[in-house]
Amino acid sequence: MPWQSTAFIIDSFVDIALNNEYSTNTSKVRKWINPIYYQIEHRTGDQALHQKLTQTHLAHLASITGLNIVPASKKNSANLKIIFSSEKNLRHELQADFLINNKQQIESLAQTGVCLANFSIGSGSNIIKAIVIIPVDRARAHAKLLSCIVEELTQVLGLPNDSDKVFPSIFNDRSKDDYLSGLDLVLIKALYHSSITTGMNIKQVRRQLNSLIESPPFQQLILDADRKVRKQGLYRLLN
């Protein structure tokens, strides 16, 4: 398959991990290095469905990354907040939850985004906090509730950009995929491989990825990716 070439995977990784959806700035590698403690806030109906979909996908991401992704508790407060809400509350939530005060920016995001996410990084480019907002009625109107959950929760791992060049992928807005693709699995695995560290720049990433992808274990992962990704997570709810 075209996406399985080393050059395509490296270009896709750089595009998705080092570029940003709402900025033209190029970033360094960002990812979580500590456990993720998540909290789901239900500000609309269908709580049981949203809870099941979210927890199923987070468990899938934990199995791919090796991260400890568990519910927040009294001992460990949430560093990932997932909000299921409605379109009428979006502007307020962009201000109250995303802490955006610029009215023009709020209006732009409210008009263009079906669902939204952002994350904050620490001094070493490690992600320390993230928030996802899913206006359920808007997402359903675009037939994107499932893809919103999958895409936004995956993006806050440190893969924040969308690109029409990356296919097949949940990071491609023109794609009809609601679930992780084999390419997505490979990109997540690459990001959370020990050889890819926070703070790496493009030159360092390209050099390290070339070595990683050409290694026999990673070549086998690429060959098996489509089959493996369909055996876990939300795919299993289809059966």
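The values are calculated or read from the model by the stated rules, or taken from the named source; none is laboratory data. What you are looking at is a predicted structure, and each value in this text was computed from that prediction instead of being measured. Don't worry about glycine lacking a Cβ; one is built from the backbone with ideal geometry, like all the others, and counts go over all protein chains shown.
SER73 meets each of the listed conditions (1) among the hydroxyl-bearing types (Ser, Thr, Tyr); (2) more than 22 Å from LEU146 (Cα to Cα); (3) without any contact (Cβ under 8 Å) to a residue 24 or more places away in the chain apart from (3).
The conditions of being under 19 Å from VAL136 (Cβ atoms) and modelled with pLDDT of 95 or more are met by LEU80.
Go through the range 90-118 and give me each residue that's assigned to a helix (DSSP H, G or I), touching a helix residue (DSSP H, G or I) at 6+ places or on another chain (Cβ under 9 Å) and under 19 Å from LYS144 (Cα atoms). LEU90, LEU109, ALA110, listed by residue number.
Listed by first and then second residue, the pairs linking a residue in the range 193-208 that is part of a loop (DSSP other than H, G, I, E, B) to a residue that is surrounded by fewer than 17 Cβ atoms within 10 Å (Cβ to Cβ) and not charged (D, E, K, R), with Cβ atoms under 7 Å apart and 6 or more places separating them unless they lie on different chains, are THR198/ILE33; THR198/GLY124; GLY199/GLY124. Being buried (at least 17 other Cβ atoms within 10 Å of the Cβ), within 17 Å of GLU21 (Cβ to Cβ) and among the polar types (S, T, N, Q) holds for only one residue in GLN111, GLN155, GLN105, and it is GLN155. Restricting LEU58, LEU49 to residues that are out of contact with any Ser or Thr (no Cβ under 9 Å at 6 or more places or on another chain), in a helix (DSSP H, G or I) and under 21 Å from LYS129 (Cβ atoms) narrows the list to LEU58.
Being within 30 Å of ARG230 (Cα to Cα) and of a type in the set (D, E, K, R) is the requirement here; does LYS81 meet it?
Numbers: within 30 Å of ARG230 (Cα to Cα): yes; of a type in the set (D, E, K, R): yes.
So LYS81 passes the test.
Looking across the range 83-110, the residues that are without any contact (Cβ under 8 Å) to a residue 24 or more places away in the chain and either more than 26 Å from LEU53 (Cβ to Cβ) or of a type in the set (Phe, Trp, Tyr) (or both) come down to GLN95, LEU99, ILE100, ASN101, ASN102, LYS103, GLN104, GLN105, ILE106, GLU107, SER108.
Considering the range 1-44 alone, what residues qualify as being outside any loop (DSSP other than H, G, I, E, B), of a type in the set (Gly, Ala, Ser) and farther than 16 Å from ASP162 by Cα?
The answer is ALA7, and nothing else.
The set of residues from the range 170-192 being assigned to a loop (DSSP other than H, G, I, E, B) and either within 10 Å of the chain's Cα centre (by Cα) or buried (at least 24 other Cβ atoms within 10 Å of the Cβ) (or both) comprises ILE170, PHE171, LEU180. Taken together, the residues in the range 134-159 that are in a loop (DSSP other than H, G, I, E, B) and either more than 21 Å from SER12 (Cβ to Cβ) or at pLDDT below 95 (or both) amount to 3.
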